[in-house]
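Here the structure is laid out as structure tokens; the discussion comes afterwards.
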Amino acid sequence: EPVNGKYTVSFIRGDGIGIEISEAVDDIYKAAGVPIIWENVSVAPYINKQGKQSIPDEAIESIRKNTVALKGPLATPIGKGHVSLNLTLRRTFSLFANVRPCKSLEGYKTPYDNVDTVLIRENTEGEYSGIEHEVVDGVVQSIKLITLEASERVARYAFHHAEQNKRNRVTAVHKANIMKMSDGMFLHACRQVAKEYPNIQYDEDLLDRACLRIVQDPAPYADRVMVMPNLYGDILSDMCAGLIGGLGLTPSGNIGKDASIFEAVHGSGPDIAGQNKANPTALLLSSIMMLRHMRLFDHADKIESAIFRAIAEGDRTGDLGGKLGTREFTKAVIKRL
Ligand code: NAD
């Protein structure tokens, strides 16, 4: 809820290039007059009283209170005993749906110029349950856990998202021909929820067939939202990202029960950190998803169009074959607001 017309949003700036691309967000939001006050929070881990790695309470409290956060990439420390901070955040706030839109940028040439997919990935279970064990020497089992509750929850969000974003179809992507019980139940959940949305068409597609069709012709996917279990979403979304020009461009949103956290798909770019080379577009587009989530549509449209025009008119960072640094690209966007 806004106070004096302004919304407070938690901001985890992250590591490496996170610092630089977060500054780009600062500068562009200031120039665009977006009614947001950033509350900067650190999620640098510490060892709690139980001897376990944890993220600071202030960070958790801030996100819980504001219910919306923007997040830069976090470097996962290498070594034993470190839980992924991203996983910790996902668990703490029950971030059950991962939304990944992929849209071709006008004026930036890739093999396709008509990609416009929205993929919603179940974010809490499936093949990522982490339940694995060795039965006997040389034989391991990995459990794919699917629950009706989590399937219904992500399916309902997919239909809601379709309705909100004027997409008239939801496609459930699955392998229920092979995984009859687990994916079968996922489909059952989707079919049940579909009945609650008579204005949105519903259909189902096999994962392999969907991959084949999207790379042959992405156009038919521009009308819909695709929803799927965890692992399928992981793979299919990176495939779609590849169709539009890669990591510097792809945003995502983690939608949860208690909060939602928006972040770029890419990591902290240690090879280019601190060199004014990072493309801030992915984080900026994540922040634009956040603005739409907050129903600040006019501000979202204005900033998005400035970014797209800058790129189309040749003002690009190095990853897109351009000459601009992070700061120069930021200025180029501000100029077009
Ligand atoms: P990465 O995404 O950081 O980098 C991969 C390649 O893409 C690098 O060459 C990098 O320079 C380039 N790249 C990434 N983002 C870019 C941008 N915005 N502009 C221009 N080029 C960009 O992946 P990595 O090197 O495998 O991981 C580095 C660290 O990030 C690791 O510690 C990893 O655990 C972490 N990570 C965090 C997240 C997250 O917080 N969500 C996601 C992925 C990786």
Looking at (1) surrounded by fewer than 22 Cβ atoms within 10 Å (Cβ to Cβ); (2) among the hydroxyl-bearing types (Ser, Thr, Tyr); (3) in contact with a strand residue (DSSP E or B) (Cβ under 9 Å, 6 or more places away or on another chain), which one does THR250 not meet, given that it meets all the others?
(1)
Yes/no for PHE308 being more than 16 Å from the ligand (Cβ to nearest atom) and either in contact (Cβ under 8 Å) with a residue 60 or more places away in the chain or in contact with a His (Cβ under 8 Å, 6 or more places away or on another chain) (or both):
yes
Taking the stated definitions as given, is SER287 more than 7 Å from the ligand (Cβ to nearest atom), buried (at least 23 other Cβ atoms within 10 Å of the Cβ) and over 14 Å from THR326 (Cβ atoms)?
yes
Among the residues of region 249-279, what is the count of those that are of a type outside the set (A, V, I, L, M, F, W, C), touching a Ser or Thr at 6+ places or on another chain (Cβ under 6 Å) and within 8 Å of the ligand (Cβ to nearest atom)?
2
How many residues of region 311-324 are assigned to a loop (DSSP other than H, G, I, E, B), in contact (Cβ under 8 Å) with a residue 40 or more places away in the chain and within 13 Å of the ligand (Cβ to nearest atom)? The answer is 1
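Working carefully through the options ASP223, ASP183, ASP208, find the one that is of a type in the set (Asp, Glu), crowded, with 17+ Cβ neighbours inside 10 Å and without any contact (Cβ under 8 Å) to a residue 60 or more places away in the chain.
Details: ASP223 fails: crowded, with 17+ Cβ neighbours inside 10 Å; ASP208 fails: crowded, with 17+ Cβ neighbours inside 10 Å.
Of the residues listed, the single one that is of a type in the set (Asp, Glu), crowded, with 17+ Cβ neighbours inside 10 Å and without any contact (Cβ under 8 Å) to a residue 60 or more places away in the chain is ASP183.
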Residues that are more than 16 Å from the ligand (Cβ to nearest atom): find the strands (runs of 3 or more DSSP E) completely inside region 64-144 holding 2 or more of those.
95-103, 116-122, 126-136
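Name the residue, out of ASP26, ASP15, that is under 27 Å from ILE307 (Cβ atoms), charged (D, E, K, R) and modelled with pLDDT of 95 or more.
Details: ASP15 fails: modelled with pLDDT of 95 or more.
Of ASP26, ASP15, the one residue that is under 27 Å from ILE307 (Cβ atoms), charged (D, E, K, R) and modelled with pLDDT of 95 or more is ASP26.
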Of all residues in region 270-306 being in a helix (DSSP H, G or I) and among the acidic types (Asp, Glu), which is nearest to LYS103 (Cα to Cα)?
GLU304
By residue number, the members of region 37-92 that are modelled with pLDDT of 90 or more and on the phi > 0 side of the Ramachandran plot are THR67
For the list (1) within 16 Å of the ligand (Cβ to nearest atom); (2) touching a residue at least 12 places away in the same chain (Cβ under 8 Å), I need the number of the one condition that GLY242 fails.
(2)
Would you please list the contacts, defined by Cβ atoms under 9 Å and residues six or more apart or on different chains, that run from a residue in region 263-289 that is on the phi > 0 side of the Ramachandran plot to a residue that is within 7 Å of the ligand (Cβ to nearest atom) and of a type in the set (D, E, K, R)?
GLY269/LYS277
Of the candidates ILE244, ILE200, ILE214, ILE235, the one satisfying the condition of being buried (at least 21 other Cβ atoms within 10 Å of the Cβ), closer than 18 Å to ALA172 by Cβ and among the β-branched types (Val, Ile, Thr) is ILE214
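The values are calculated or read from the model by the stated rules, or taken from the named source; none is laboratory data. As the structure is a prediction and not an experimental result, all values here were calculated from the model. So basically every Cβ, Gly included, is an ideal-geometry build from the backbone, and we count neighbours across all protein chains shown.
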